[in-house]
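Values quoted throughout were computed directly from the atomic coordinates according to the rules given, and no laboratory measurement underlies them. A quick note: this is a predicted structure, and the numbers were derived from the prediction, not measured. Here the Cβ positions follow ideal geometry from the backbone for every residue, glycine too, while neighbour counts run over all protein chains shown.
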Amino acid sequence: MARQRLLIVDDEPLARQRLRDLVGDVGGYDVAGEAGNGVEALALLQQVNVDIALVDIRMPVMDGIELAQHLRGLTQPPNLIFTTAYDHYAVQAFDLNAIDYLLKPIRSERLAAALAKARPLQVKQSEALQSLQQTHDHLSIQERGKVLLIPLADVLYFRAELKYVTVRTREKSYLLESSLNQLEQTYAGQFVRIHRNALVARDAIRGFEKQKISAGEEAGETAWVVLIKDIPETLVVSRRHQHLIKAA
C-alpha cells in the first residue's frame, strides 16, 4: 500500500517542524510540503498531489477556515484535519459537525488516530464553518481546471449575467458560479447594491452622473450611472437604489 502524502499548513515554523517530527514518529506517511498560510497552501496543492492536509486555523493572509472553503474547488481536494489552540466554543462546533481537529499541543497518539480517519470536508461541514470564519479576503474562481484566488480588495464590481456573476478587477473579468444575493450577504460591508443585477465596491466608487443609456434594460433612457475608479465602464443605478446618490 502506497504511503500517504501530507501537507503541513501553519504560520509558525516551529509548529510545522513539530508536526513534521510527529508524523515521523507515527510512521507510514510522507510530508510532501509545507505552507505558511492558506494562499501558499492552495498554490502548492495545485502542483503536488497530497492525500491529507494538516491545517492551522489562525494564520495571516488566509486562515484555515477560509482555506477549507477554497479547497472544495479542487478536482481532488485532500482530506482535512485542523490543528488548533482554538477556544472551547469553536471546538464544540467542530464536534457537533464531525469536523476533524487536533488540539495543540498535539500528541503522536492523537495524530495517528486523526490521520487514520481523515476525510474530505463535506458541503454541510463547510457551511457550518462559515460562522467561525472571521475574514473573507479572497474569491476562488475555477478556470481551465485551476482554482484562482482573487483578492477581494481587487474586485471593483459584481454583475449578474444569466447563471453566472461577472467579477471585474482593474485587469480583467472572471466568471463566478454564485448568486448576487449570497455575495451581498457575505460582503455587505465592502460592497453596495446599485441595481438588482450589480454590486459595486464602496471604495471603487468615484462618483455619479447622468448619462443616456445605450444598451440593456434602460437603453434609450437617461439615468444615473456610477463612475468606477481605474476603468472606463459605468454601471446603471436603478431608481430603487438612487437614495445612494443622495447619501453620497
Out of LEU180, LEU156, LEU132, any idea which swings most in a Gaussian network model of the chain, alpha carbons joined below 10 Å?
LEU132
Give the Debye-formula value of log10 I(q)/I(0) at each listed q (0.15 Å⁻¹), with one equal scatterer per alpha carbon of segment 4-132, two decimals each.
-0.62
Using the 10 angstrom Cβ neighbour count as an exposure proxy, how do HIS70, HIS88, HIS243, HIS136 rank, fewest first?
HIS88, HIS243, HIS136, HIS70
Before rounding to the nearest 500, sum -39500 (n - 2.57) across all DSSP H runs of length at least 4 in the chain and divide by the residue total; then give [θ] at 222 nm in deg cm²/dmol.
-7500 deg cm²/dmol
Report, by chain and number, residues whose modeled amide H sits under 5 Å from the one on LEU235, excluding near sequence neighbours (fewer than 5 apart, same chain).
VAL226
The aspartates and glutamates whose Cα lies under 17 Å from the Cα of LYS210, excluding any fewer than 8 residues away in the same chain, are GLU218, GLU221, GLU233
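Relative contact order of the chain: what whole-number percent is it, with Cα pairs under 8 angstrom and at least 6 residues apart?
Relative contact order for the chain comes out at 11 percent.
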In segment 160-200, GluC sites (Glu not before Pro) in a DSSP loop with at most 16 other beta-carbon atoms within 10 Å
GLU171, GLU177
Unsatisfied cross-links (Cα-Cα over 31 Å) in the set LYS104/LYS172; LYS146/LYS229; LYS104/LYS146
LYS104/LYS172; LYS104/LYS146
On full extension of the chain, what length is gained from THR234 through HIS88, given 0.36 nm per residue of separation minus the C-alpha to C-alpha distance?
47.8 nm
How big is the charge dipole of the chain about its Cα centre, in debye rounded to the nearest 20, if each Lys and Arg gets +1 on its Cβ and each Asp and Glu gets -1 on its Cβ?
620 debye
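List the trypsin sites (Lys or Arg not before Pro) in segment 86-128 that DSSP assigns to loop (not H, G, I, E or B) and whose Cβ has at most 13 other Cβ atoms within 10 Å. Which are they?
Those satisfying the criteria are ARG107.
How many Å³ per residue does the convex hull of the Cα positions in segment 156-247 occupy?
100 Å³
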Additional length obtainable on full extension of the chain from LEU152 to GLN133, 0.36 nm per residue less Cα span
5.3 nm
What list of ³J(HN,Hα) values in whole Hz, one per residue of segment 43-57 in order, does the Karplus curve 6.51 cos²θ - 1.76 cosθ + 1.60 (θ = phi - 60°) give from phi, with Gly and Pro shown as x?
4, 5, 5, 8, 10, 10, 6, 10, 8, 9, 10, 9, 10, 6, 8
Using amide H atoms built in the peptide plane, which far-off residues or other-chain residues are under 5 Å from PHE191 H to H?
ARG202
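Output the Kirkwood hydrodynamic radius of the chain, Cα pairs only, in Å rounded to one decimal.
Averaging 1/r across every pair of different Cα atoms and inverting gives 20.2 Å.
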Would you kindly state how much longer the chain becomes between LYS124 and ALA43 on full extension, computed as 0.36 nm times their sequence separation minus their alpha carbon distance, in nm to one decimal?
26.7 nm
FRET efficiency, 1/(1 + (r/R0)^6) with R0 41 Å, evaluated for GLN4 and THR186 via beta carbons:
0.75
Evaluate the relative contact order of segment 9-121 (contact order divided by residue number), counting alpha-carbon pairs under 8 angstrom at least 6 apart; express in whole percent.
26 percent
